[in-house]
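K.L.:
Below are the structure tokens for one structure; questions will follow.
The values are calculated or read from the model by the stated rules, or taken from the named source; none is laboratory data. The structure presented is a predicted model; accordingly, all values stated were derived computationally and were not measured. All Cβ positions, glycine included, derive from the backbone under ideal geometry; neighbour counts span all protein chains shown. Just the protein is used for accessible areas: all its heavy atoms, side chains included, with ligands, DNA and RNA removed. Shrake-Rupley method; radii C 1.70, N 1.55, O 1.52, S 1.80 Å.
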Amino acid sequence: MVKTETLFKKASKEEEQIVLSFLLKEFDTKVREIMNNKSIFIKQRGVKEVYIVNKELKDTIEFIRNNSLELTKNIFLAGYPIGIIHEKQFQLEITGGFYFNKYMEKRLIIKTKQFLYGKDIVLANVNEYTLPFKKGNWLAVYGRGKKDSGLFYGVGKALVDSNELSSAPPNTVIIKGYKHRPFDLGWYLRFEK
Amino acid sequence: MQLLKLEEQRGYQLNKILFFYFSIPSSNYLIVKNLLLRLFVYLFMLDEISYSDVYDLGNKLGYLPYMIQRFVELIGEKETIKLLKFNEKKLKTVIRLNNLKTQFSEIDFLLLQKKIIFKKIRDIPEAREIVFSPISIGATIEYLNGYYMVQGKNSMFPPLILDPKPHEMIGDFAAAPGGKTTHIAQLMKNKGKIISIERSKRRCTSLYSNIVRMGVQNTIVLNTDARAIVKSKIKFDKILLDAPCSGSGVIINDPSRKTSKKEEDLAIYSKLQTELLDAAIQTLKEGGTIVYCTCSLEPEENELVIDRVLKDNDLKLVDIPFSFERGVTKFANYSFSPELKKAVRLYPHKTNGEGFFIAKMVKESGKN
């Protein structure tokens, strides 16, 4: 019997729709560029992990499947992981942040590194933002410390609208930090430990 | 007379170091004090170990006697002493810059901004040796962004020797933790296909983490025994087999190897390595290239393995264009093909890095 939790397979129509509607909402017309010659694959490992796979790799996966279904079960990763599907919703993760950050125009530039330790980003730590954002928008977080000139820190979902910020107190949380969920780059070090 | 001069020089250096050491206030400049202490140990303590001969030195440094005997047989007493002494040192940290993320010049700039002092390494344009870093090199924001990977200098040679091209189908057998897979992807400009095989599920996780961090998108990771890949009927243009080995070339990184492997273990490794190489050869296209390497210095895991597969397959060894020591053609009771001089041996004390054996072969049309 095939154990579904270890199978690496092309996303079903429904799964594909869930991911594409997220991409459309966040990246609008750039989706065509992002998904050009690419497919969405799913690996079930407790949760449904979502991968973007280019055509060459897709053909190779199919070739492997045609010759050995057993080996297909051993695919640990193919292409690039971008997030998970949970309760019929796509959730972006730090890997997806890596993949999409060049397309993310709504950027939050922060002063401190606390976000890299899974901590919240509060208004007092924000240097600037590039475009107005709404509550629920995904933002790419960049640093602008003395020694970290404009490097990517991670991604996060805005908890407030940007137009509320001028009158908000300095301790207003803009992005929630998660120690045990991969939204910031520091997660790699926590994960290794 | 020369010996006297040397002693005089050493005494002078010792005085200078001790003077500096005690004149630095201990609350400040802790790093400088630690560096001086290391320099002191490096220059003097090791040489102070008195030994009657190489076997006595090996014993004092905690090696199993068979290892010393084999090193002496392989490289002679003088070189063995140098090797044993080198293994007591600490290798310089080396990083590989990742131009899948950004240009080398940009990464150099960011490192310099952090006051990290580095130098370029001959023959490896993407490598930088860290001379001094005020911060942990494995925890910078640049590291987390995948701008570089901390990696042994000599482990960068197998991918360079493999010379993968964009659009080729490459196999990386026994791939974790991913230094070589991500290096291959970089050389391929993230194009083509890499099948990266790792038997250990735990090690697949670190392979995954490094692939993602370094921005590699052209790879399939298979969590299986590399011998199973034959079932896929995939034919590779090029294969890198960094075979599991006894690790006698990396004692500098893992001193437990001085006692952890018995002489009998070498035969077990040799058998496994031959089987893995046989499987790799079966999946190689005619005209395809295979690079076999280990971090072992033992001829049974290296020349003997290659000698066996050369006899059973239409393969020819290809010269490796780097100026390293050549493969051996005689060891103990073994006599290997003279062709093995085309393989290379990277001795730790001669290359200032991890020990490696590397052989490059091309599959000719014929039996397989």
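K.L.:
Got a number for residues in the range B:247-266 being without any contact (Cβ under 8 Å) to a residue 12 or more places away in the chain, of a type in the set (Asp, Glu) and more than 21 Å from B:Cys293 (Cβ to Cβ)?
P.N.:
1
K.L.:
Report, by residue number, each residue of the range A:45-72 that is in contact with a helix residue (DSSP H, G or I) (Cβ under 8 Å, 6 or more places away or on another chain) and either under 16 Å from B:Lys193 (Cβ atoms) or assigned to a helix (DSSP H, G or I) (or both).
P.N.:
A:Ile52, A:Val53, A:Ile61, A:Phe63, A:Ile64, A:Arg65, A:Asn67, A:Glu70, A:Leu71, A:Thr72
A quick yes/no check of all residues on (1) closer than 30 Å to B:Ile194 by Cβ; (2) of a type in the set (Lys, Arg); (3) within 14 Å of chain B (Cβ to nearest Cβ):
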{"position": "A:Gly79", "(1), (2), (3)": "yes, no, yes"}
{"position": "A:Lys113", "(1), (2), (3)": "no, yes, yes"}
{"position": "A:Gly118", "(1), (2), (3)": "no, no, yes"}
{"position": "A:Asn125", "(1), (2), (3)": "no, no, no"}
{"position": "A:Asn137", "(1), (2), (3)": "no, no, no"}
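K.L.:
Would you tally the residues in the range B:228-237 being more than 9 Å from every other protein chain (Cβ to nearest Cβ) and surrounded by fewer than 21 Cβ atoms within 10 Å (Cβ to Cβ)? Explain how you work it out, then say what you get.
P.N.:
Start the filter on the range B:228-237 by keeping residues that are more than 9 Å from every other protein chain (Cβ to nearest Cβ), which leaves B:230, B:235-237.
Right, trim to surrounded by fewer than 21 Cβ atoms within 10 Å (Cβ to Cβ) and you get B:230, B:235, B:237.
So the count comes out to 3.
K.L.:
Restricting to the range A:60-71, name every residue that is within 20 Å of A:Glu15 (Cα to Cα) and either open to solvent by less than 60 Å² (accessible area, probe 1.4 Å) or within 9 Å of chain B (Cβ to nearest Cβ) (or both).
P.N.:
Answer for the range A:60-71, where residues must be within 20 Å of A:Glu15 (Cα to Cα) and either open to solvent by less than 60 Å² (accessible area, probe 1.4 Å) or within 9 Å of chain B (Cβ to nearest Cβ) (or both): just A:Ile61.
K.L.:
Identify the residue in the range A:81-105 that is open to solvent by 40 Å² or more (accessible area, probe 1.4 Å) and in contact with a helix residue (DSSP H, G or I) (Cβ under 8 Å, 6 or more places away or on another chain) and, among all such residues, is farthest from the other protein chains (Cβ to nearest Cβ).
P.N.:
Checking each candidate, the answer is A:Lys88.
K.L.:
If you don't mind, another one. Would you tally the residues in the range B:298-318 being of a type in the set (Val, Ile, Thr) and surrounded by fewer than 24 Cβ atoms within 10 Å (Cβ to Cβ)? I'd like the intermediate steps shown before the answer.
P.N.:
First pass over the range B:298-318, keeping only residues of a type in the set (Val, Ile, Thr): B:305-306, B:309, B:318.
Still in the list and also surrounded by fewer than 24 Cβ atoms within 10 Å (Cβ to Cβ): B:309, B:318.
So the answer is 2.
K.L.:
Hey, B:Asn87 hits all of (1) out of contact with any Pro (no Cβ under 9 Å at 6 or more places or on another chain); (2) more than 14 Å from chain A (Cβ to nearest Cβ); (3) open to solvent by less than 40 Å² (accessible area, probe 1.4 Å) but one; which does it fall short on?
P.N.:
Result: B:Asn87 passes all but (1).
K.L.:
May I pose another question? So which residues in the range B:58-71 are surrounded by fewer than 19 Cβ atoms within 10 Å (Cβ to Cβ) and either in contact with a His (Cβ under 9 Å, 6 or more places away or on another chain) or in a helix (DSSP H, G or I) (or both)?
P.N.:
Listed by number, the residues that qualify are B:Asn59, B:Lys60, B:Pro65, B:Tyr66, B:Gln69.
K.L.:
Of the residues in the range B:127-154, how many are within 20 Å of B:Ile358 (Cβ to Cβ) and either within 14 Å of another protein chain (Cβ to nearest Cβ) or open to solvent by 10 Å² or more (accessible area, probe 1.4 Å) (or both)? Reasoning before the result, please.
P.N.:
Step one: filter the range B:127-154 for residues within 20 Å of B:Ile358 (Cβ to Cβ), giving B:127, B:149, B:151-154.
Now restrict to residues that are either within 14 Å of another protein chain (Cβ to nearest Cβ) or open to solvent by 10 Å² or more (accessible area, probe 1.4 Å) (or both): B:149, B:151-153.
Adding up the residues that qualify gives 4.
Okay, residues lined up against (1) closer than 21 Å to A:Tyr80 by Cβ; (2) open to solvent by 70 Å² or more (accessible area, probe 1.4 Å); (3) free of Cβ contacts under 8 Å to residues at least 40 places away in the same chain:
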| position | (1), (2), (3) |
| --- | --- |
| A:Leu116 | no, no, no |
| A:Thr172 | no, no, no |
| A:Lys176 | no, yes, no |
| A:Pro182 | yes, no, no |
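K.L.:
Could you tell me how many of the residues in the range B:61-109 are under 30 Å from B:Gly146 (Cα atoms) and over 21 Å from the mean Cα position of the chain (by Cα)?
P.N.:
Matching residues across the range B:61-109 total 11.
K.L.:
Output the residues belonging to the range A:73-87 that are in a strand (DSSP E or B) and under 25 Å from A:Val141 (Cα atoms).
P.N.:
Those that are in a strand (DSSP E or B) and under 25 Å from A:Val141 (Cα atoms): A:Tyr80, A:Pro81, A:Ile82, A:Gly83, A:Ile84, A:Ile85, A:His86.
K.L.:
Follow-up. Read through the list (1) within 12 Å of chain B (Cβ to nearest Cβ); (2) among the hydroxyl-bearing types (Ser, Thr, Tyr); (3) surrounded by fewer than 14 Cβ atoms within 10 Å (Cβ to Cβ), then give the number of the only condition that A:Ser166 fails.
P.N.:
The one condition A:Ser166 does not meet is (1).
For every residue, the table says whether it meets (1) among the hydrophobic types (A, V, I, L, M, F, W, C); (2) open to solvent by 50 Å² or more (accessible area, probe 1.4 Å); (3) within 13 Å of chain A (Cβ to nearest Cβ).
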{"position": "B:Val216", "(1), (2), (3)": "yes, no, yes"}
{"position": "B:Ala226", "(1), (2), (3)": "yes, no, yes"}
{"position": "B:Asp265", "(1), (2), (3)": "no, no, no"}
{"position": "B:Lys271", "(1), (2), (3)": "no, yes, no"}
{"position": "B:Leu276", "(1), (2), (3)": "yes, no, no"}
{"position": "B:Ile281", "(1), (2), (3)": "yes, no, no"}
{"position": "B:Lys285", "(1), (2), (3)": "no, yes, no"}
{"position": "B:Ser296", "(1), (2), (3)": "no, no, no"}
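K.L.:
Follow-up. For the range A:3-39, enumerate the residues that are modelled with pLDDT under 90, open to solvent by less than 90 Å² (accessible area, probe 1.4 Å) and part of a loop (DSSP other than H, G, I, E, B).
P.N.:
The one that is modelled with pLDDT under 90, open to solvent by less than 90 Å² (accessible area, probe 1.4 Å) and part of a loop (DSSP other than H, G, I, E, B): A:Leu7.
K.L.:
Going by the structure shown, is A:Ile42 part of a strand (DSSP E or B), within 14 Å of chain B (Cβ to nearest Cβ) and at pLDDT 95 or above?
P.N.:
No; evaluated as a whole, the condition is false for this residue.
K.L.:
Any idea how many residues of the range B:163-177 are at pLDDT 95 or above, outside any strand (DSSP E or B) and touching a helix residue (DSSP H, G or I) at 6+ places or on another chain (Cβ under 7 Å)?
P.N.:
Number satisfying all stated conditions: 1.
K.L.:
Continuing with this model, one more query. Could you run through the range B:155-173 and say how many residues are open to solvent by 30 Å² or more (accessible area, probe 1.4 Å) and touching an Asp or Glu at 6+ places or on another chain (Cβ under 6 Å)? Walk me through it before giving the result.
P.N.:
Quick first cut of the range B:155-173, residues open to solvent by 30 Å² or more (accessible area, probe 1.4 Å) only: B:160, B:163, B:165-168.
If we keep only those that are touching an Asp or Glu at 6+ places or on another chain (Cβ under 6 Å) too, we end up with B:168.
Here the count works out to 1.
K.L.:
State all residues of the range B:352-368 that are in contact with a Lys or Arg (Cβ under 9 Å, 6 or more places away or on another chain) and surrounded by fewer than 19 Cβ atoms within 10 Å (Cβ to Cβ); if no residue qualifies, say none.
P.N.:
Within the range B:352-368, B:Asn352, B:Val362, B:Glu364 qualify.
K.L.:
Among the residues of the range B:188-200, how many are facing chain A (nearest Cβ under 8 Å), open to solvent by 10 Å² or more (accessible area, probe 1.4 Å) and under 23 Å from the mean Cα position of the chain (by Cα)?
P.N.:
Count: 1.
K.L.:
Something else: Test of understanding: among B:Pro166, B:Pro158, which residue is within 24 Å of B:Leu91 (Cα to Cα) and either more than 13 Å from every other protein chain (Cβ to nearest Cβ) or of a type outside the set (A, V, I, L, M) (or both)?
P.N.:
Result: B:Pro158 is the single residue among B:Pro166, B:Pro158 that is within 24 Å of B:Leu91 (Cα to Cα) and either more than 13 Å from every other protein chain (Cβ to nearest Cβ) or of a type outside the set (A, V, I, L, M) (or both).
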